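Trainee: I am attaching a structure below and will ask some questions about it afterwards.
The values are calculated or read from the model by the stated rules, or taken from the named source; none is laboratory data. Because the structure is predicted, anything quoted here is derived from the model rather than measured. No Cβ is skipped: glycine too gets one built from the backbone with ideal geometry, and neighbour counts run over all protein chains shown.
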Amino acid sequence: MQIIQPHYHAIARTAQDYERMAMSGVVAVCEPAFWAGFDRRHPETFIDYFAQIAEFEPTRAAEFGIRHFCWVAVNPKEAENRELTQEVLRQMPEFLQKPTCLGVGETGLHKSTPNEIESLQAHVEMAMKHDQLVLIHTPHLSDKAHGTKRVLEVLAGMDVNPDKIWIDHVEEQTIESVLDAGYWAGMTLYPVTKCSPRRAVDILEKYPRERLLVNSSADWGPSDPFTLQESVVEFRRRGHSLQDAVEIYHNNPCRFLGQNPKWDIKPIIISEG
Amino acid sequence: MLSPQKTLDTYYLEARRDLLEVAAMLDRYDQAVKRNSEKAQDESKRFSLLQAMEILSEPDHPRADRAERLLKHFAETS
């Protein structure tokens, strides 16, 4: 089965991940800009990072027949440095023009501070001005419900097209409000701290699937790119058809990401004989 | 050996995850009941899990033997 990994931090992973993902049907990965594990101090560090994910990482993925796309943003954890954020934002449009850059992300909130909110607004404004997709990170664990509510409040006060916005890391307590507001909702599968493969399938069975995305994120922390495949297996083992699985794990990413013409992978219809 | 605080700090998130999996499994069962308009013919496994959680909810376990008690409980009930 062909799978798209819509949220994957490839620079934190080994080539062996690419090889195994290719063997398990992954045809494309999308890499949002994220936190490096420490707060970067210089705009130039971001620029080099953006070049890495926009120019170099596609060549590494291509070694295994996987397409690689990226997003650019200042991670919410680093938004406290307003000067840095403004300077990086000033230089971001250059990267939005790169042939594999799909939009602005992941922006969003971490602790929902005023500086984070200012940064989120600036990122979304830039995305809308340049007709870009937006990928929004929502906070972890105990900050999630409040942070997601704040994200929705910020977006409600702006002139945005919900079709172009993906709010990520939803769980049972946040998915309804995100879908009700008309946005795309992403479930991130982590071994411990976010949604699990089984809980993700529960959510897929409970809510309309047209605007749902599933990803494993997979970064330098405790994470596993193959939680995505675990959820595919869990979905199939509950009796859902192969086409239904393709709709979620391949075609939905194509439908959302395909709003950017740089994304040229089309939804597929399979025959089960 | 870990200190009490370090024990909680080390294992809290994993225990949180495991409890969420149990909660989701019970929700999954309820959704299946709703979809099929009938309960399982044999609900003993569900009752066994609920009883296990009652054991865990007891305020004092002076012998720190929750796992042993659950194993005995599961052996008797499933």
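Trainee: For segment A:7-21, enumerate the residues that are within 22 Å of residue A:184 (Cβ to Cβ) and among the aliphatic types (A, V, I, L, M). Quick ask: steps written out before the conclusion?
Mentor: From segment A:7-21, those within 22 Å of residue A:184 (Cβ to Cβ) are A:7-10; that's our starting set.
Passing the criteria: only A:10.
Trainee: With respect to residue A:205, is the statement that it is touching a helix residue (DSSP H, G or I) at 6+ places or on another chain (Cβ under 9 Å), closer than 15 Å to residue A:24 by Cβ, modelled with pLDDT of 95 or more and in a helix (DSSP H, G or I) true?
Mentor: Numbers: touching a helix residue (DSSP H, G or I) at 6+ places or on another chain (Cβ under 9 Å): yes; closer than 15 Å to residue A:24 by Cβ: no; modelled with pLDDT of 95 or more: yes; in a helix (DSSP H, G or I): yes.
Criteria not met by residue A:205.
Trainee: I would also like to ask the following. For the list (1) within 20 Å of residue A:198 (Cα to Cα); (2) exposed (fewer than 11 other Cβ atoms within 10 Å of the Cβ); (3) more than 14 Å from chain A (Cβ to nearest Cβ), I need the number of the one condition that residue B:3 fails.
Mentor: With (1) within 20 Å of residue A:198 (Cα to Cα); (2) exposed (fewer than 11 other Cβ atoms within 10 Å of the Cβ); (3) more than 14 Å from chain A (Cβ to nearest Cβ) applied to residue B:3, the lone miss is (1).
Trainee: Sticking with this structure for a sec: Just to check your reading of the model, which residue among A:253, A:191, A:261 is of a type outside the set (A, V, I, L, M) and surrounded by 20 or more Cβ atoms within 10 Å (Cβ to Cβ)? Spell out the reasoning first.
Mentor: Working: A:191 fails: surrounded by 20 or more Cβ atoms within 10 Å (Cβ to Cβ); A:261 fails: surrounded by 20 or more Cβ atoms within 10 Å (Cβ to Cβ).
Just one listed residue meets the conditions, A:253.
Trainee: Criterion first (closer than 17 Å to residue A:199 by Cβ and surrounded by 13 or more Cβ atoms within 10 Å (Cβ to Cβ)) does residue B:24 satisfy it? It would help to see each step written out before you state the result.
Mentor: Numbers: closer than 17 Å to residue A:199 by Cβ: yes; surrounded by 13 or more Cβ atoms within 10 Å (Cβ to Cβ): yes.
Considered against the rule, which asks whether it is closer than 17 Å to residue A:199 by Cβ and surrounded by 13 or more Cβ atoms within 10 Å (Cβ to Cβ), residue B:24 comes out as yes.
Trainee: Kindly provide the set of residues from segment A:221-232 that are modelled with pLDDT of 95 or more and out of contact with any helix residue (DSSP H, G or I) (no Cβ under 8 Å at 6 or more places or on another chain), ordered by number.
Mentor: A:229
Trainee: Right, here's the next one. Is it true that some residue in segment B:21-36 is away from chain A (no Cβ under 14 Å), under 11 Å from the mean Cα position of the chain (by Cα), not in a loop (DSSP other than H, G, I, E, B) and not β-branched (Val, Ile, Thr)? Please lay out each step first, then the result.
Mentor: So the first thing to find is which residues in segment B:21-36 are away from chain A (no Cβ under 14 Å), and the list is none.
Scanning segment B:21-36, I find no residue that is away from chain A (no Cβ under 14 Å), under 11 Å from the mean Cα position of the chain (by Cα), not in a loop (DSSP other than H, G, I, E, B) and not β-branched (Val, Ile, Thr), so the answer is no.
Trainee: Another question, if that's okay. Can you find a residue that is within 25 Å of residue A:197 (Cα to Cα), within 14 Å of chain A (Cβ to nearest Cβ) and out of contact with any Asp or Glu (no Cβ under 8 Å at 6 or more places or on another chain) anywhere in segment B:51-59? Explain how you work it out, then say what you get.
Mentor: Taking segment B:51-59 as the starting set, the residues that turn out to be within 25 Å of residue A:197 (Cα to Cα) are B:52-53.
Okay, now just the ones that are also within 14 Å of chain A (Cβ to nearest Cβ), so none.
Among the residues of segment B:51-59, not one is within 25 Å of residue A:197 (Cα to Cα), within 14 Å of chain A (Cβ to nearest Cβ) and out of contact with any Asp or Glu (no Cβ under 8 Å at 6 or more places or on another chain), which makes the answer no.
Trainee: Could you list, in sequence order, all residues of segment A:172-194 that are facing chain B (nearest Cβ under 9 Å) and modelled with pLDDT of 95 or more?
Mentor: Hit for segment A:172-194 is A:172, nothing else.
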